1. Of 33, 78, which residue is within 21 Å of residue 136 (Cα to Cα) and at pLDDT 95 or above?
2. Can you name the condition, by its number, that residue 116 falls short on among (1) assigned to a loop (DSSP other than H, G, I, E, B); (2) polar (S, T, N, Q); (3) over 18 Å from residue 47 (Cα atoms)?
3. I'm trying to understand the selection: among the residues of the range 45-62, which are of a type outside the set (Ser, Thr, Tyr) and either in contact with a Gly (Cβ under 7 Å, 6 or more places away or on another chain) or within 15 Å of residue 135 (Cβ to Cβ) (or both)?
4. Could you check, for the range 64-78, whether at least one of its residues is out of contact with any strand residue (DSSP E or B) (no Cβ under 8 Å at 6 or more places or on another chain) and not in a loop (DSSP other than H, G, I, E, B)?
5. Which pairs turn up if I take residues in the range 117-143 that are at positive phi and look for partners that are among the small types (Gly, Ala, Ser) and assigned to a helix (DSSP H, G or I) with beta carbon separation below 9 Å, at least 6 apart in sequence or on another chain?
Amino acid sequence: MSDSKQSKPWRRRLLILMEAALFVTIIVSIYAWRTRDLLPTDQFMPAPGFELQDLDGRTWRIEDFKGKPTVLYFFAPWCTVCAASAHQLRWFHDWFGDEVNLVMIGLDYLHQQELTEYSRNHDIENPVLIGTADVGRDYQVPGYPTYYVLDTDGRIRRKDFGASTVVGLWWRTRN
């Protein structure tokens, strides 16, 4: 009887460990499935080039962001997840804007005014670029929000799809 009591804590720990491993496997599998169609990160490929204007008419190229890690955040002005995440992006830019470029690229809009209103309604201070269907295709954007993290040389290091937090963005920008 004493042997069975002593073996129960060991079995219980093993069961907890197995459940934790299963949970981690499920989370990793969901992430892999959600991001399967995005550009690869394992080869550290250069981010596709673009030349886009921001809401003030300034032209930006992907090369303009080299030298600091960069988050390219693709959004649509009608996207409710994007709107719900806007304050997280604003905080990220306020707290880490000296260390990391945050560049928002608007896609799937009818009129540029929608992007301007989105930027104004969410107090966006980082660059908001007027995206094109070609840029969306080049970056294989399947939905919104989609984002890529580039290293200081403009190579794709991380990718994700869906909402994120300040901590999540900060973590992904650490090489």
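The values are calculated or read from the model by the stated rules, or taken from the named source; none is laboratory data. Since this is a predicted model, take the numbers as computed values, not measurements. Neighbour counts are summed over all protein chains in view; Cβ atoms, including those assigned to glycine, are modelled from backbone coordinates with ideal geometry.
1. Working: 33 fails: at pLDDT 95 or above.
On inspection, the qualifying residue turns out to be 78.
2. Just one mismatch for residue 116, condition (1).
3. Taking the range 45-62 first, the residues of a type outside the set (Ser, Thr, Tyr) are 45-58, 60-62.
Once the filter is applied, which keeps residues that are of a type outside the set (Ser, Thr, Tyr) and either in contact with a Gly (Cβ under 7 Å, 6 or more places away or on another chain) or within 15 Å of residue 135 (Cβ to Cβ) (or both), the range 45-62 yields 46, 47, 48, 49, 50, 51, 52, 53, 54, 60, 61, 62.
4. Of the residues in the range 64-78, the ones out of contact with any strand residue (DSSP E or B) (no Cβ under 8 Å at 6 or more places or on another chain) are 64, 66-67, 78.
Filter again for not in a loop (DSSP other than H, G, I, E, B), leaving 64.
So far as the range 64-78 goes, yes, one or more of its residues are out of contact with any strand residue (DSSP E or B) (no Cβ under 8 Å at 6 or more places or on another chain) and not in a loop (DSSP other than H, G, I, E, B).
5. Pairs found: 123/86.
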